[in-house]
Amino acid sequence: MTPVGRPGCLDPLAALRTPDDPAWDVYLTGNVFLDIIFTGLDSAPVRGTESWARGMGSSPGGVANMATALARLGLRTSLAAAFGDDHYGEYCWDALEQGEGIDLSLSRTVPGWHSPVTVSMAYEGERTMVSHGHEAPPPEPAPDCPPRARAAVASLAPGRAEWIAQAARKGARIFADVGWDDTGRWDPDDLADLEHCEAFLPNAEEAMRYTRTQCPLAAAHALTEQVPVAVVTLGSEGAYAVDGATGECAQVPAIAVEALDPTGAGDVFVAGFVTGTLAGWPLADRLAFAGLTAALSVQEFGGSLSAPGWSEIAAWWSHVQDVPDQDPAALRRYAFLQALLPAPTRPWPLRRAVPTIGFRRSA
């Protein structure tokens, strides 16, 4: 299948592409949710009362957050996932394939399966979520799954070792994250798949618990015994990365923004780091770009809804240079963007359309 991608999107790998390249830049698999996001809440819902939200949006969530973030940054993205055959599943499929240019040839619609749903309520810079879903259908073998791709993004979990190893054998560069361990064991053996990975991107708490360290920076260095590049996100303090092969370290502070909704920010961070890595950027630039894309995402609501594209990044770069009393050193940290970005076509701040389900086309 010929990759389609997003029309008019900047291609960060244009200078590197050759006729022998794989069709896809990134492959990923996982569960797609329908996300319904309420924003503009002044506080958490109070028991026995009705709360009205000033904003609401619907969008594909779950693994779709990562897939959308990658596609909006110009990477040719292939997603293997199961979709329900209800209206929710149909909406998510169309939003990803038609709206974002994501390849779903390895995905499938499961008759009679109820699409999983998450309701997310954003307030005070945080979120509360309620989810519902039936047991996921068992995976079916696909003729070419995982496909040959430049990279794959994997969430480390039991039962996924086989496809991760297959992708690595086909030449994919594997980028891994990990979920919270509800068992409390934090067993380092659960990270065995890191032997197939190029980079691991946990948050500070996850990194420290798995490495039995008391400092995120120490945790990052410890993780390079298992994976070449360790990237530890530090929340409001930014992120820290270590390249175990070269000994290079980089730390980038977080960009101060007014956070509306943090949903999907971690996925956007990973997508930014993958983009910079595949483009061959220095470690510090990759880290800065990942942090920037994540910061832009939290200023909008929703997971896949909030993922920035190059137009948002260009608008931010144009705007930030005119902000008075700007720290010159901070601006220099992002100067590498100057040669990459298209001219901004819309003023900052940008506002994206808010998709919803069920609008009928007028006759």
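The values are calculated or read from the model by the stated rules, or taken from the named source; none is laboratory data. Treat the numbers as computed from the prediction; the structure is a model and nothing was measured. Positions of Cβ are backbone-derived with ideal geometry, glycine not excepted, and every protein chain shown enters the neighbour counts. The area values use the complete protein model at the heavy-atom level, side chains included, leaving out ligands, DNA and RNA. Shrake-Rupley method; radii C 1.70, N 1.55, O 1.52, S 1.80 Å.
When the Kirkwood radius is taken over all Cα pairs of the range 1-114, what Stokes-Einstein diffusion coefficient follows at 4 °C and 1.567 mPa s, in µm²/s? Calculated translational D: 82 µm²/s.
DSSP bridge analysis restricted to the chain gives an antiparallel fraction near 45%, rounded to the nearest 5. All C-alpha to C-alpha distances of the chain, sorted into 10 Å bins beginning at zero, yield P(r) values of 5, 24, 35, 27, 9, 1, 0 percent in whole numbers. Spin-label model, ASP94 to GLU126: label points 7 Å out along the Cα-to-beta-carbon direction sit 3.7 nm apart.
With a Förster radius of 35 Å, plug the Cβ-Cβ distance of LEU217 and GLN338 into 1/(1 + (r/R0)^6) and report the FRET value to the nearest 0.05. So, using R0 = 35 Å, E works out to roughly 0.70.
Here the relative contact order of the chain, from alpha carbon pairs under 8 Å that lie six or more residues apart, stands at 16 percent. Sparsely packed loop sites in the range 1-85 (the trypsin sites (Lys or Arg not before Pro) outside DSSP H, G, I, E and B with at most 15 other Cβ atoms within 10 Å) comprise ARG17, ARG47, ARG54. For the options ALA218, ALA241, ALA199, a Gaussian network treatment of the chain with springs between C-alpha atoms closer than 10 Å singles out ALA218 as fluctuating the most. 7 Å from Cα along Cα→Cβ at both GLU237 and ALA136: what's the point-to-point distance in nm? Once both label points are built, they end up 3.3 nm from each other. The charge dipole of the range 163-311, taken about its Cα centre with unit charges on the Cβ atoms of Lys, Arg (+1), Asp and Glu (-1) only, comes to about 360 debye. Once the Cα-Cα distance is subtracted from the 0.36 nm per residue extended length, the THR109 to GLN321 segment shows a gain of 71.6 nm. At an R0 of 30 angstrom, the distance between the Cβ atoms of ASP42 and TRP180 translates into a FRET efficiency of 0.60.
Across all Cα pairs in the range 145-215, the calculated P(r) in 10 Å bins from zero up to the longest distance comes to 21, 50, 23, 6 percent per bin.
Per-residue surface analysis assigns HIS319 an accessible area of about 80 Å², computed on protein heavy atoms at 1.4 Å probe radius.
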